[in-house]
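J.: The following block contains the structure, expressed as C-alpha coordinates.
The values are calculated or read from the model by the stated rules, or taken from the named source; none is laboratory data. Remember, it's a predicted structure, so these values are computed and weren't measured experimentally. So basically every Cβ, Gly included, is an ideal-geometry build from the backbone, and we count neighbours across all protein chains shown. The accessibility values were calculated without ligands, DNA or RNA, using every heavy atom of the protein model including side chains. Shrake-Rupley method; radii C 1.70, N 1.55, O 1.52, S 1.80 Å.
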Amino acid sequence: MTLLLLAGTGLAQDIARRLDDRKTDVIVSLAGGSRTAAAAGGHEVRIGGFGGDAGFCAYLAERGVSAVLDATHPFAARISDRSARICAELGLPYALAQRPPWVPQAGDLWQMVEREEEAARHIAPGSTVFLATGRQTLERFANLGACQLICRQIDPPDRAFPFENGRFLVGTPPFSVTQERELFAELKVDWLVVKNAGGAASATKLTAARELGVQVAMIERPALPDAPVMRSAEEALDWVAVL
Ligand code: NAP
(Lines give C-alpha, C1' and ligand atoms only; values in the text may rest on other atoms or scores of the structure.)
Protein backbone atom coordinates (compact mmCIF):
# COMPACT_ATOMS: atom_id res chain seq x y z
CA MET A 1 0.00 0.00 0.00
CA THR A 2 1.27 3.48 -0.82
CA LEU A 3 -0.01 6.37 1.28
CA LEU A 4 0.33 9.93 0.08
CA LEU A 5 0.47 12.31 3.06
CA LEU A 6 -0.33 15.88 2.04
CA ALA A 7 1.62 17.87 4.59
CA GLY A 8 2.64 21.38 5.59
CA THR A 9 1.47 21.54 9.22
CA GLY A 10 2.68 20.53 12.66
CA LEU A 11 0.00 17.83 12.72
CA ALA A 12 1.28 16.40 9.43
CA GLN A 13 4.79 16.35 10.87
CA ASP A 14 3.52 14.53 13.94
CA ILE A 15 1.70 11.96 11.78
CA ALA A 16 4.76 11.51 9.52
CA ARG A 17 7.01 10.83 12.50
CA ARG A 18 4.69 8.12 13.73
CA LEU A 19 3.86 6.36 10.45
CA ASP A 20 5.68 3.07 10.10
CA ASP A 21 7.34 2.53 6.70
CA ARG A 22 7.54 -1.20 7.36
CA LYS A 23 3.77 -1.46 7.11
CA THR A 24 2.98 1.26 4.56
CA ASP A 25 5.00 2.98 1.85
CA VAL A 26 4.69 6.66 2.69
CA ILE A 27 5.28 9.65 0.44
CA VAL A 28 5.15 13.03 2.18
CA SER A 29 4.15 15.92 -0.06
CA LEU A 30 5.06 19.51 0.79
CA ALA A 31 4.07 22.62 -1.14
CA GLY A 32 7.48 24.17 -0.44
CA GLY A 33 8.19 27.34 1.51
CA SER A 34 9.49 27.26 5.03
CA ARG A 35 8.66 23.64 5.83
CA THR A 36 11.41 21.44 4.48
CA ALA A 37 12.25 17.78 4.09
CA ALA A 38 12.94 17.68 7.84
CA ALA A 39 9.14 17.76 8.24
CA ALA A 40 8.85 14.39 6.48
CA GLY A 41 9.87 12.21 9.42
CA GLY A 42 12.42 10.24 7.37
CA HIS A 43 9.94 9.13 4.69
CA GLU A 44 10.26 9.79 0.99
CA VAL A 45 9.44 13.43 0.36
CA ARG A 46 8.37 15.36 -2.71
CA ILE A 47 8.23 19.15 -2.78
CA GLY A 48 6.11 21.54 -4.88
CA GLY A 49 2.67 21.62 -6.47
CA PHE A 50 1.54 18.68 -8.62
CA GLY A 51 0.58 20.92 -11.52
CA GLY A 52 -3.18 21.20 -11.11
CA ASP A 53 -5.81 18.45 -11.44
CA ALA A 54 -4.10 16.69 -14.33
CA GLY A 55 -0.72 16.69 -12.60
CA PHE A 56 -2.23 15.33 -9.40
CA CYS A 57 -4.06 12.50 -11.26
CA ALA A 58 -0.90 11.64 -13.17
CA TYR A 59 1.13 11.53 -9.95
CA LEU A 60 -1.37 9.23 -8.21
CA ALA A 61 -1.26 6.81 -11.15
CA GLU A 62 2.50 6.97 -11.67
CA ARG A 63 3.24 6.21 -8.01
CA GLY A 64 0.43 3.74 -7.50
CA VAL A 65 -0.98 5.75 -4.60
CA SER A 66 -3.64 3.71 -2.81
CA ALA A 67 -4.84 6.28 -0.22
CA VAL A 68 -4.47 9.99 0.50
CA LEU A 69 -4.28 11.48 3.99
CA ASP A 70 -4.69 15.24 3.75
CA ALA A 71 -3.05 16.97 6.72
CA THR A 72 -2.69 20.34 5.03
CA HIS A 73 -3.66 23.51 6.87
CA PRO A 74 -7.42 24.04 7.48
CA PHE A 75 -7.15 27.21 5.37
CA ALA A 76 -5.46 25.44 2.43
CA ALA A 77 -8.89 24.88 0.91
CA ARG A 78 -7.86 24.53 -2.72
CA ILE A 79 -5.63 21.50 -2.25
CA SER A 80 -8.18 19.85 0.08
CA ASP A 81 -11.21 20.45 -2.17
CA ARG A 82 -9.29 19.22 -5.18
CA SER A 83 -7.82 16.15 -3.48
CA ALA A 84 -11.17 15.11 -1.98
CA ARG A 85 -12.92 15.47 -5.33
CA ILE A 86 -10.33 13.56 -7.35
CA CYS A 87 -9.99 10.76 -4.80
CA ALA A 88 -13.80 10.35 -4.81
CA GLU A 89 -13.77 10.17 -8.61
CA LEU A 90 -11.02 7.55 -8.57
CA GLY A 91 -12.48 5.59 -5.65
CA LEU A 92 -9.35 6.15 -3.54
CA PRO A 93 -9.68 6.34 0.26
CA TYR A 94 -9.23 9.96 1.36
CA ALA A 95 -9.39 11.57 4.81
CA LEU A 96 -8.62 14.98 6.24
CA ALA A 97 -6.52 15.42 9.37
CA GLN A 98 -7.19 18.73 11.11
CA ARG A 99 -6.97 19.77 14.73
CA PRO A 100 -10.32 20.88 16.19
CA PRO A 101 -10.87 24.62 15.83
CA TRP A 102 -10.22 26.86 18.84
CA VAL A 103 -13.26 27.98 20.82
CA PRO A 104 -13.42 31.10 22.97
CA GLN A 105 -12.85 30.79 26.72
CA ALA A 106 -13.89 33.06 29.59
CA GLY A 107 -11.98 36.31 29.30
CA ASP A 108 -11.44 36.10 25.55
CA LEU A 109 -12.35 39.19 23.53
CA TRP A 110 -13.03 37.58 20.17
CA GLN A 111 -14.85 38.77 17.08
CA MET A 112 -15.51 35.96 14.65
CA VAL A 113 -15.05 37.01 11.00
CA GLU A 114 -15.58 34.98 7.86
CA ARG A 115 -12.98 36.75 5.76
CA GLU A 116 -9.87 38.85 6.36
CA GLU A 117 -11.53 41.95 4.87
CA GLU A 118 -14.23 41.85 7.58
CA ALA A 119 -11.74 42.53 10.39
CA ALA A 120 -11.85 46.24 9.44
CA ARG A 121 -15.52 46.41 10.54
CA HIS A 122 -14.44 45.83 14.14
CA ILE A 123 -10.98 47.40 14.42
CA ALA A 124 -10.96 51.10 15.33
CA PRO A 125 -8.74 53.49 13.35
CA GLY A 126 -5.45 54.14 15.13
CA SER A 127 -5.18 50.58 16.47
CA THR A 128 -1.96 48.60 16.40
CA VAL A 129 -2.83 45.32 14.70
CA PHE A 130 -0.74 42.17 14.88
CA LEU A 131 -1.39 39.96 11.85
CA ALA A 132 -0.60 36.34 12.63
CA THR A 133 -2.13 35.38 9.31
CA GLY A 134 0.95 35.05 7.10
CA ARG A 135 2.12 37.15 4.20
CA GLN A 136 0.15 35.34 1.48
CA THR A 137 -3.10 37.03 2.45
CA LEU A 138 -1.62 40.39 3.45
CA GLU A 139 -3.26 42.22 0.52
CA ARG A 140 -6.67 41.49 2.10
CA PHE A 141 -5.88 43.99 4.87
CA ALA A 142 -5.65 46.97 2.52
CA ASN A 143 -8.77 48.42 4.23
CA LEU A 144 -6.85 48.81 7.54
CA GLY A 145 -5.04 51.88 6.21
CA ALA A 146 -5.67 53.90 9.37
CA CYS A 147 -3.98 51.31 11.62
CA GLN A 148 -0.41 50.25 12.31
CA LEU A 149 0.10 46.72 10.93
CA ILE A 150 2.70 44.19 12.03
CA CYS A 151 2.79 40.92 10.09
CA ARG A 152 4.78 38.06 11.55
CA GLN A 153 6.34 35.54 9.23
CA ILE A 154 8.87 32.75 9.50
CA ASP A 155 11.12 33.51 6.52
CA PRO A 156 12.97 36.82 6.12
CA PRO A 157 10.86 39.06 3.84
CA ASP A 158 11.69 38.83 0.14
CA ARG A 159 9.67 41.91 -0.73
CA ALA A 160 8.72 45.27 0.73
CA PHE A 161 5.62 45.49 2.94
CA PRO A 162 2.72 46.17 0.55
CA PHE A 163 1.37 49.14 2.56
CA GLU A 164 3.04 52.19 4.06
CA ASN A 165 1.36 51.61 7.41
CA GLY A 166 3.01 48.32 8.26
CA ARG A 167 6.08 46.15 8.61
CA PHE A 168 7.15 42.53 8.78
CA LEU A 169 8.41 40.90 11.93
CA VAL A 170 10.44 37.71 11.54
CA GLY A 171 9.93 35.01 14.15
CA THR A 172 10.39 31.25 14.26
CA PRO A 173 7.75 29.27 16.14
CA PRO A 174 7.04 27.83 18.62
CA PHE A 175 6.43 30.86 20.83
CA SER A 176 5.67 30.46 24.53
CA VAL A 177 2.84 32.35 26.25
CA THR A 178 5.47 34.49 28.02
CA GLN A 179 7.18 35.36 24.74
CA GLU A 180 3.88 36.28 23.12
CA ARG A 181 2.75 38.34 26.12
CA GLU A 182 6.03 40.25 26.23
CA LEU A 183 5.97 40.86 22.49
CA PHE A 184 2.35 42.11 22.42
CA ALA A 185 3.01 44.35 25.44
CA GLU A 186 6.20 45.78 23.91
CA LEU A 187 4.46 46.46 20.58
CA LYS A 188 1.36 47.83 22.35
CA VAL A 189 -0.87 45.55 20.31
CA ASP A 190 -4.58 46.43 20.39
CA TRP A 191 -5.83 43.73 18.02
CA LEU A 192 -4.61 40.30 17.02
CA VAL A 193 -5.83 38.82 13.74
CA VAL A 194 -5.69 35.04 13.62
CA LYS A 195 -6.85 32.18 11.41
CA ASN A 196 -8.64 29.51 13.42
CA ALA A 197 -5.96 26.88 12.86
CA GLY A 198 -6.48 25.02 16.15
CA GLY A 199 -3.81 23.10 18.04
CA ALA A 200 -2.01 23.78 21.29
CA ALA A 201 1.33 24.94 19.89
CA SER A 202 0.01 28.10 18.27
CA ALA A 203 -2.70 28.80 20.86
CA THR A 204 -0.12 30.59 23.04
CA LYS A 205 -0.87 33.89 21.30
CA LEU A 206 -4.53 33.53 22.26
CA THR A 207 -3.64 32.93 25.90
CA ALA A 208 -1.34 35.97 25.82
CA ALA A 209 -4.11 38.08 24.24
CA ARG A 210 -6.58 36.95 26.95
CA GLU A 211 -4.13 37.81 29.71
CA LEU A 212 -3.43 41.27 28.27
CA GLY A 213 -7.02 42.09 27.24
CA VAL A 214 -6.01 42.26 23.57
CA GLN A 215 -8.95 41.92 21.18
CA VAL A 216 -8.89 39.12 18.62
CA ALA A 217 -10.37 38.97 15.13
CA MET A 218 -10.74 35.22 14.63
CA ILE A 219 -11.05 34.20 10.99
CA GLU A 220 -13.34 31.20 10.68
CA ARG A 221 -12.34 28.13 8.72
CA PRO A 222 -13.50 27.57 5.16
CA ALA A 223 -16.06 24.80 4.64
CA LEU A 224 -14.70 21.26 4.60
CA PRO A 225 -15.02 18.94 1.63
CA ASP A 226 -17.31 15.97 2.12
CA ALA A 227 -14.80 13.52 3.64
CA PRO A 228 -13.96 11.84 6.95
CA VAL A 229 -12.09 14.16 9.35
CA MET A 230 -9.43 12.92 11.79
CA ARG A 231 -8.95 15.31 14.73
CA SER A 232 -5.57 14.06 16.00
CA ALA A 233 -2.49 12.11 14.92
CA GLU A 234 -3.88 9.07 16.78
CA GLU A 235 -7.15 9.17 14.86
CA ALA A 236 -5.25 9.56 11.58
CA LEU A 237 -2.98 6.60 12.37
CA ASP A 238 -6.03 4.49 13.23
CA TRP A 239 -7.55 5.41 9.86
CA VAL A 240 -4.34 4.33 8.08
CA ALA A 241 -4.18 1.09 10.08
CA VAL A 242 -7.49 -0.19 8.71
CA LEU A 243 -6.95 0.71 5.07
P1 NAP B 1 -3.87 25.94 -1.31
O2 NAP B 1 -4.25 27.31 -1.68
O3 NAP B 1 -4.91 25.02 -0.86
O4 NAP B 1 -3.09 25.22 -2.49
C5 NAP B 1 -2.51 25.93 -3.57
C6 NAP B 1 -1.68 24.97 -4.39
O7 NAP B 1 -0.48 24.63 -3.69
C8 NAP B 1 -2.35 23.63 -4.64
O9 NAP B 1 -3.27 23.73 -5.71
C10 NAP B 1 -1.15 22.77 -4.96
O11 NAP B 1 -0.64 23.05 -6.25
C12 NAP B 1 -0.13 23.29 -3.97
N13 NAP B 1 -0.10 22.56 -2.69
C14 NAP B 1 -0.68 22.90 -1.50
N15 NAP B 1 -0.35 22.03 -0.55
C16 NAP B 1 0.44 21.10 -1.14
C17 NAP B 1 1.11 19.94 -0.68
N18 NAP B 1 1.04 19.56 0.62
N19 NAP B 1 1.85 19.21 -1.56
C20 NAP B 1 1.95 19.60 -2.86
N21 NAP B 1 1.35 20.69 -3.36
C22 NAP B 1 0.61 21.43 -2.52
O23 NAP B 1 -2.73 25.99 -0.19
P24 NAP B 1 -2.04 27.24 0.55
O25 NAP B 1 -3.03 27.87 1.45
O26 NAP B 1 -1.31 28.06 -0.48
O27 NAP B 1 -0.99 26.46 1.46
C28 NAP B 1 0.15 25.89 0.86
C29 NAP B 1 0.78 24.94 1.86
O30 NAP B 1 1.12 25.66 3.05
C31 NAP B 1 -0.15 23.80 2.27
O32 NAP B 1 0.55 22.59 2.16
C33 NAP B 1 -0.55 24.13 3.70
O34 NAP B 1 -0.66 22.98 4.51
C35 NAP B 1 0.58 25.04 4.19
N36 NAP B 1 0.11 26.08 5.11
C37 NAP B 1 -0.91 26.89 4.74
C38 NAP B 1 -1.37 27.85 5.62
C39 NAP B 1 -2.53 28.75 5.28
O40 NAP B 1 -2.90 29.58 6.11
N41 NAP B 1 -3.14 28.61 4.10
C42 NAP B 1 -0.77 27.98 6.89
C43 NAP B 1 0.28 27.13 7.24
C44 NAP B 1 0.71 26.17 6.33
P45 NAP B 1 -0.97 22.16 -7.53
O46 NAP B 1 -2.35 22.54 -7.94
O47 NAP B 1 0.08 22.55 -8.52
O48 NAP B 1 -0.87 20.72 -7.12
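J.: Suppose we filter T24, T2 for residues that are of a type outside the set (D, E), modelled with pLDDT under 95, open to solvent by less than 40 Å² (accessible area, probe 1.4 Å) and more than 11 Å from the ligand (Cβ to nearest atom); which single one remains?
T.: T24
J.: Continuing with this model, one more query. Here is a list: G64, G41. Which entry is over 20 Å from S80 (Cβ atoms) and buried (at least 19 other Cβ atoms within 10 Å of the Cβ)?
T.: Result of the check over G64, G41: G41.
So that you can scan it fast, the table gives a plain yes or no per residue for (1) of a type in the set (D, E, K, R); (2) free of Cβ contacts under 8 Å to residues at least 24 places away in the same chain; (3) within 27 Å of A233 (Cβ to Cβ):
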| residue | (1), (2), (3) |
| --- | --- |
| E89 | yes, yes, no |
| P93 | no, no, yes |
| R99 | yes, no, yes |
| G126 | no, yes, no |
| N143 | no, no, no |
| C147 | no, no, no |
| D155 | yes, no, yes |
| R159 | yes, yes, no |
| S176 | no, no, yes |
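J.: Next question. What pairs come up if the first residue lies in region 220-240 and is within 13 Å of P100 (Cα to Cα) and in contact (Cβ under 8 Å) with a residue 60 or more places away in the chain, the second is surrounded by 16 or more Cβ atoms within 10 Å (Cβ to Cβ) and among the charged types (D, E, K, R), and their beta carbons are under 8 Å apart, counting only those six or more places apart or on different chains?
T.: Once the first residue is within 13 Å of P100 (Cα to Cα) and in contact (Cβ under 8 Å) with a residue 60 or more places away in the chain and sits in region 220-240, its partners that are surrounded by 16 or more Cβ atoms within 10 Å (Cβ to Cβ) and among the charged types (D, E, K, R) give R221/K195; R231/R99; S232/R99; A233/D14.
J.: Of all residues in region 5-21 being surrounded by 14 or more Cβ atoms within 10 Å (Cβ to Cβ) and more than 8 Å from the ligand (Cβ to nearest atom), which is farthest from F75 (Cα to Cα)?
T.: L19
J.: Considering only region 67-107, state which residues are away from the ligand (no atom under 14 Å from the Cβ) and surrounded by fewer than 17 Cβ atoms within 10 Å (Cβ to Cβ).
T.: The answer is A88, E89, L90, G91, L92, P100, V103, P104, Q105, A106, G107.
J.: I need a count of the residues in region 117-129 that are under 22 Å from A223 (Cα atoms) and either touching a Gly at 6+ places or on another chain (Cβ under 8 Å) or open to solvent by less than 10 Å² (accessible area, probe 1.4 Å) (or both).
T.: Qualifying residue count for the region: 1.
J.: Sticking with this one: Looking at region 176-190, is at least one residue farther than 30 Å from L19 by Cβ, within 22 Å of the chain's Cα centre (by Cα) and within 16 Å of the ligand (Cβ to nearest atom)?
T.: There is no residue in region 176-190 that is farther than 30 Å from L19 by Cβ, within 22 Å of the chain's Cα centre (by Cα) and within 16 Å of the ligand (Cβ to nearest atom).
J.: For region 94-116, which positions are polar (S, T, N, Q) and touching a Gly at 6+ places or on another chain (Cβ under 9 Å)?
T.: Q98
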